[in-house]
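What follows is calculated from the coordinates using simple rules that are stated; it is not laboratory data. What you are looking at is a predicted structure, and each value in this text was computed from that prediction instead of being measured. Methodologically, a virtual Cβ is constructed for each residue, glycine included, from the backbone with ideal geometry; neighbour enumeration extends over all protein chains shown.
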Amino acid sequence: MKERLIDLALWLFASPILVLRGLVRAYRNYGVLRFATAVAIPCECGAEISLVGLWRCSCGFTYRGHLMRACPLCGSIPSVVRCYRCGVTSVLPVASP
């Protein structure tokens, strides 16, 4: 019984800190979260770069879905995307820990 009370007290003290850390992390990664839910992004030339389709990972695996999805084979996430109209390569946002 006493251990449960200690665990409850520790949980009550730690919860606000963990919630605050989660909110700070979400604030820092807002751009990545917004980008990860977008269907397309604008290019410098004015064209729309679609983020949903067939993608080839650097390991050679081809998958269907959103660009920001982790590769099922190697687990990597792409860091650049290329516009098919003008050929410009855009750097993608990276989540911070």
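Sorting Trp55, Trp11 by the number of Cβ atoms found within 10 Å of their own Cβ, with the fewest placed first, yields Trp11, Trp55. When you filter the trypsin sites (Lys or Arg not before Pro) in region 1-85 for DSSP loop state and at most 14 other Cβ atoms inside 10 Å of their Cβ, you are left with Arg85. Please state, rounded to one decimal and in Å, the Kirkwood hydrodynamic radius that the chain gives when every pair of distinct Cα atoms enters the mean of 1/r. By the Kirkwood definition, the hydrodynamic radius is 16.3 Å.
With the helix formula -39500 (n - 2.57) applied to DSSP H stretches of n ≥ 4, the chain reaches a computed 222 nm mean residue ellipticity of -12000 deg cm²/dmol. Round to the nearest 10 and give me the degree value, 0 to 90, for the angle of helix 2-28's Cα axis relative to the longest principal axis of the chain. It works out to around 30 degrees. For Phe61 and Arg21, the FRET efficiency from 1/(1 + (r/R0)^6), where r spans their Cβ atoms and R0 equals 30 Å, is about 0.30.
The slack in the chain from Asp7 to Ser50, taken as 0.36 nm per residue of separation less the alpha-carbon distance, amounts to 10.6 nm. Each Cα pair under 8 Å and six or more residues apart adds its separation to the average, and for the chain the resulting relative contact order is 20 percent. The slack between Ala40 and Leu92, meaning 0.36 nm per residue of separation minus the straight C-alpha distance, is 17.5 nm.
Excluding Pro72 itself, calculate the net charge of residues whose Cβ lies under 15 Å from the Cβ of Pro72, where each Lys or Arg counts +1 and each Asp or Glu counts -1. Net charge around Pro72: +3.
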